[in-house]
1. Considering only protein heavy atoms and a probe of 1.4 Å, how much of the accessible area of the chain is carbon and sulfur, as a whole percent?
2. Just subtract the alpha-carbon distance of Lys53 and Glu92 from 0.36 nm times their residue separation and send over the number in nm, one decimal.
3. Students often forget the sequence filter, so: which lysines lie under 29 Å Cα-Cα from Lys89 once same-chain residues fewer than 8 apart are removed?
4. Measure nothing but the geometry: give the 0 to 90° angle between the long axis through the Cα atoms of 36-47 and the longest principal axis through the Cα atoms of the chain, rounded to 10°.
5. Solvent-accessible area per residue for the chain at a 1.4 Å probe radius, Å²?
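The values are calculated or read from the model by the stated rules, or taken from the named source; none is laboratory data. A quick note: this is a predicted structure, and the numbers were derived from the prediction, not measured. Surface accessibility is based on the protein's heavy atoms, side chains included, excluding ligands, DNA and RNA. Shrake-Rupley method; radii C 1.70, N 1.55, O 1.52, S 1.80 Å.
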Amino acid sequence: MNFSHDIIVRPIITEDSMAMVADKKYVFEVAKTATKPMIADAVEKIFGVKVAKVNTMNYMGKLRRRGNSPEGRTAAWKKAIVTLTGDSKTIEFFDGMM
């Protein structure tokens, strides 16, 4: 069984993601194995809001070198953009960032 805090890894705080807060869209890094329904349930349970839709993107790790050693990759990760319903309240964590 997955717990909600295992699915939502961290919020992503960038200039672009903060601009989307006005449209009730919030950006999170999520677990690689998380599905859209799992992400929606986790956000609803953690923040007490209603989710309208979830968009996800998978990011492959970038190639990196450390001196003379062979090249490796940074960790791959998954990003989710969560859109809330119009009648839903906002997430207070992001309100303090604005």
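1. Details: 3470 of 6470 Å².
Of all accessible area on the chain, carbon and sulfur atoms account for 54 percent.
2. On the way: separation 39, 0.36 × 39 = 14.04 nm, distance 1.93 nm.
Result: 12.1 nm gained on full extension.
3. Lys24, Lys25, Lys32, Lys36, Lys45, Lys50, Lys53, Lys78, Lys79
4. Approximately 60 degrees, to the nearest 10.
5. Working: 6470 Å² over 98 residues.
Per-residue accessible area for the chain comes out at 66 Å².
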